[in-house]
Every structure is written in structure tokens, then in C-alpha cells.
Amino acid sequence: MSRLLYTEFYKLRRKFFTMFILTTAFAVAGAFSSVANSGTVYVGVSMFFSMFGLVFCGMTGVFISQDFASNTIRNKLIVGHTRLNIYLSCQIVFALLAFLVTAVFIGVYILSGKIFSGLEGFREDLPAPDVLEVYRKNFFRALPVYLVAMPAYTTLGVFISMTLRNSSGGVATVIVAYALNSLSPLYVLFSENKFLEFISGVLPSSQLFLMEIFSEKPDFSPVKYILFSTAFAVIMVTLGCAVFRKTDLK
């Protein structure tokens with residue numbers, strides 16, 4: 001397993017710098033947009049996390065599907081690695097990378113927002129102190145959910161690409177992830193629908209989009225959504241390992 005993890009990280013080494021540069025730029029742009037539109041960095045981050053999660057999930061599927069196209073997965077089996085270890089190594093690497101870029105995004109977003117909020121042109125748009133305090137509390141209560149939901153979201157990309165086992169996995173991942181993201185606006189339109197509320201709470205993709213709405217509720221508990229994302233990830237990984245272990249690589 002350690003050798004597989006090293007290989008996956010080494011393979012992505014040239015992309016790390018690009019990922020973190022793009023993450024930083026995206027976070028600065030997001031902070032500027034939030035402060036410009038609402039007067040505070042504590043409102044509007046969910047929309048950016050939703051887009052960020054969709055891109056990262058799709059990227060996961062594309063990277064893994066390229067391994068099938070280049071016969072990298074087959075070669076790993078030939079040299080003696082087990083299917084379980086191959087699947088888990090891919091999942092661990094992308095989940096860890098998702099956690100790291102999410103942490104970087106949050107840090108840069110908060111820092112940039114503080115800078116923008118202190119500029120003369122934005123000061124007059126600041127919300128009232130009591131309103132700002134509510135926004136701030138909800139923002140920080142939701143941060144742990146983002147840190148868990150983003151890695152959990154990658155399990156969808158790994159599952160689709162590893163079970164399709166060909167170059168179409170990347171395209172399929174993007175389509176499915178986009179379809180799941182489309183459920184979030186439906187909940188906004190039909191917020192009284194209990195089924196949509198439950199589905200939106202369970203899916204990491206919907207959590208990323210709707211967390212600001214959920215965190216405004218009096219009974220908001222980040223633990224509940226963290227458990228939902230964790231359960232989603234466990235189910236995806238378990239199913240993916242089971243399917244991948246029984247499929248032929250042609």
C-alpha cells in the first residue's frame with residue numbers, strides 16, 4: 001500500500017503547484033465577490049465550494065480514467081498489487097488532496113476577506129454588528145462540514161471511474177456530479193419538501209451548496225452533516241471496492 005500511495009503522489013507531483021495556485025486565486029476571487037455583494041466574507045462561500053467540489057470531483061474521475069487508458073492499472077496488477085489496495089490508494093490520495101486544497105481555500109478566503117473588508121470602499125457596506133456576529137458564528141460552525149464533504153465528494157469520482165474502467169469514466173463523473181449538484185437548487189425552490197431536505201443533507205454535493213442555508217436553522221448541528229458525508233463516503237468506497245475486485249480488465 002505504501003508503494004502505491006507513493007506512486008500516486010509522485011504521479012501528481014507536477015500538478016500540486018498548479019492546483020494550489022488555482023485554489024488560491026479562486027479563494028481570493030470568492031472573497032472579493034462575497035465582500036462586494038454582502039459586505040462580509042462570512043456569506044456566499046457555499047456557492048464557491050459547490051463549484052469547487054464539482055470541478056475537483058470531475059478532475060478525480062479524469063485522472064483515474066487516464067490510468068485505465070494508459071494501462072497503468074493493469075500494470076499495477078501485473079506486478080502483484082491487489083485490487084483492494086489499488087482502489088484504496090487512489091481514494092486516499094484524492095481524498096487527502098481534497099482536504100488539503102479545502103483547507104488552503106478556507107485560509108486564503110478568510111485572510112483575503114479580512115483584507116477586503118478593511119478597505120475604505122467596502123467599509124460602508126458592512127452589516128450591523130449583531131447581524132455580522134450571526135453570520136460569523138454560522139460560517140465557522142459550517143467549516144468542519146466543508147472539510148469533510150469535499151473529500152467525501154471525491155469518493156463519487158473514484159467509484160465511477162474505477163467501476164467503468166475506461167476513458168469514459170472522467171466524462172461520466174462530470175455528468176453525474178453535475179446532475180447531483182442540480183438537486184440543490186430544487187431544494188431552494190421547494191424548501192418545505194422533507195424528502196428533498198433529507199437528500200440534500202445526505203449528499204456532500206448538496207451540503208457544499210446549501211450549508212449556509214442549513215446553518216441558519218436554529219437546530220443546526222454540523223455533526224449530523226459530517227456523519228452523513230462520512231456514511232456516504234463509506235458506502236461509495238465499500239461498493240467501489242466490491243465491484244472493482246470482481247471485474248475483468250480487458
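I'd like to check something: does segment 47-59 contain any residue that is of a type in the set (Gly, Ala, Ser), in contact (Cβ under 8 Å) with a residue 24 or more places away in the chain, crowded, with 18+ Cβ neighbours inside 10 Å and under 30 Å from Asn75 (Cβ atoms)? I'd like the intermediate steps shown before the answer.
Step one: list which residues in segment 47-59 are of a type in the set (Gly, Ala, Ser), which gives 50, 53, 58.
Next, only the ones that are in contact (Cβ under 8 Å) with a residue 24 or more places away in the chain stay: 50, 53, 58.
Cutting the leftovers down to crowded, with 18+ Cβ neighbours inside 10 Å gives us 50, 53, 58.
Going one step further and asking which of them are under 30 Å from Asn75 (Cβ atoms), we end up with 58.
The answer is yes; a qualifying residue exists.
Just checking, does segment 157-178 include any residue being outside any helix (DSSP H, G or I) and without any contact (Cβ under 8 Å) to a residue 24 or more places away in the chain?
In the first step, residues of segment 157-178 are kept if they are outside any helix (DSSP H, G or I); the result is 165-168.
This time we only want the ones that are without any contact (Cβ under 8 Å) to a residue 24 or more places away in the chain, so: none.
Within segment 157-178 (the criterion being outside any helix (DSSP H, G or I) and without any contact (Cβ under 8 Å) to a residue 24 or more places away in the chain), the answer is no, since none of the residues qualifies.
Would you pick out the residues in segment 1-44 that are among the aliphatic types (A, V, I, L, M), closer than 27 Å to Gly170 by Cβ and part of a helix (DSSP H, G or I)? Talk me through it step by step, then tell me what you get.
Filtering segment 1-44 down to residues among the aliphatic types (A, V, I, L, M) leaves 1, 4-5, 12, 19, 21-22, 25, 27-29, 31, 35-36, 41, 43.
From what's left, closer than 27 Å to Gly170 by Cβ: 1, 4-5, 12, 19, 21-22, 25, 27, 29.
Of everything in segment 1-44, those that are among the aliphatic types (A, V, I, L, M), closer than 27 Å to Gly170 by Cβ and part of a helix (DSSP H, G or I) turn out to be Leu4, Leu5, Met19, Ile21, Leu22, Ala25, Ala27, Ala29.
Considering only segment 79-96, I want to know if a residue exists there that is without any contact (Cβ under 8 Å) to a residue 12 or more places away in the chain and either of a type in the set (A, V, I, L, M, F, W, C) or farther than 30 Å from Lys246 by Cβ (or both). Steps first, answer last, please.
In the first step, residues of segment 79-96 are kept if they are without any contact (Cβ under 8 Å) to a residue 12 or more places away in the chain; the result is 79-80, 82.
Retained after the next criterion (residues that are either of a type in the set (A, V, I, L, M, F, W, C) or farther than 30 Å from Lys246 by Cβ (or both)): 79.
Yes, segment 79-96 contains at least one residue that is without any contact (Cβ under 8 Å) to a residue 12 or more places away in the chain and either of a type in the set (A, V, I, L, M, F, W, C) or farther than 30 Å from Lys246 by Cβ (or both).
Hey, can you tell me all the residues within segment 7-27 that are aliphatic (A, V, I, L, M) and either modelled with pLDDT under 85 or in contact with a Gly (Cβ under 9 Å, 6 or more places away or on another chain) (or both)? Step through it out loud before you land on a result.
Taking segment 7-27 as the starting set, the residues that turn out to be aliphatic (A, V, I, L, M) are 12, 19, 21-22, 25, 27.
Of everything in segment 7-27, those that are aliphatic (A, V, I, L, M) and either modelled with pLDDT under 85 or in contact with a Gly (Cβ under 9 Å, 6 or more places away or on another chain) (or both) turn out to be Leu12, Met19, Ala27.
Pull up segment 217-250, narrow it to residues that are charged (D, E, K, R) and either in contact (Cβ under 8 Å) with a residue 12 or more places away in the chain or part of a helix (DSSP H, G or I) (or both), then point me to the one that is farthest from Phe139 (Cα to Cα). Spell out how you get there, then give the answer.
Of the residues in segment 217-250, the ones charged (D, E, K, R) are 217, 219, 224, 245-246, 248, 250.
Of the ones still in play, those that are also either in contact (Cβ under 8 Å) with a residue 12 or more places away in the chain or part of a helix (DSSP H, G or I) (or both) are 224, 245.
Numbers: Lys224: 16, Arg245: 41 Å.
Across segment 217-250, the extreme among qualifying residues is Arg245.
Tell me which residues, restricted to segment 32-62, are of a type in the set (A, V, I, L, M) and under 18 Å from the mean Cα position of the chain (by Cα).
At the first step, the residues of segment 32-62 found to be of a type in the set (A, V, I, L, M) are 35-36, 41, 43, 45, 47, 51, 54-55, 59, 62.
Correct list: Val45, Met47, Met51, Leu54, Val55, Met59, Val62.
Among (1) closer than 17 Å to Leu54 by Cβ; (2) of a type outside the set (D, E, K, R); (3) touching a Gly at 6+ places or on another chain (Cβ under 9 Å), which single condition is Met162 missing?
Condition (1) is where Met162 drops out.
If only one of Glu192, Glu133 is outside any helix (DSSP H, G or I) and either touching a Leu at 6+ places or on another chain (Cβ under 9 Å) or not hydroxyl-bearing (Ser, Thr, Tyr) (or both), which one is it?
Working: Glu133 fails: outside any helix (DSSP H, G or I).
Result of the check over Glu192, Glu133: Glu192.
Quick one: in segment 34-55, of everything that is among the hydroxyl-bearing types (Ser, Thr, Tyr) and modelled with pLDDT of 85 or more, which residue is farthest from Gln207 (Cα to Cα)? Before the answer, list the steps.
Initially, segment 34-55 is screened for residues among the hydroxyl-bearing types (Ser, Thr, Tyr), giving 34, 38, 40, 42, 46, 50.
Add one more test, that the residue is modelled with pLDDT of 85 or more, and what stays is 34, 42, 46, 50.
On the way: Ser34: 19, Tyr42: 16, Ser46: 8, Ser50: 8 Å.
The qualifying residue farthest from Gln207 (Cα to Cα) is Ser34.
At pLDDT 80 or above, on the phi < 0 side of the Ramachandran plot, small (Gly, Ala, Ser) and in contact with a Phe, Trp or Tyr (Cβ under 9 Å, 6 or more places away or on another chain), is that true of Gly58?
So Gly58 passes the test.
Which one is modelled with the lowest pLDDT among residues in segment 193-250 that are surrounded by fewer than 16 Cβ atoms within 10 Å (Cβ to Cβ), touching a helix residue (DSSP H, G or I) at 6+ places or on another chain (Cβ under 8 Å) and of a type in the set (S, T, N, Q)?
Thr247
The values are calculated or read from the model by the stated rules, or taken from the named source; none is laboratory data. Bear in mind that the values here come from a model prediction, so they are computed numbers and not experimental data. FYI the Cβ positions are ideal-geometry reconstructions off the backbone, even for glycines, and counts take in every protein chain you see.
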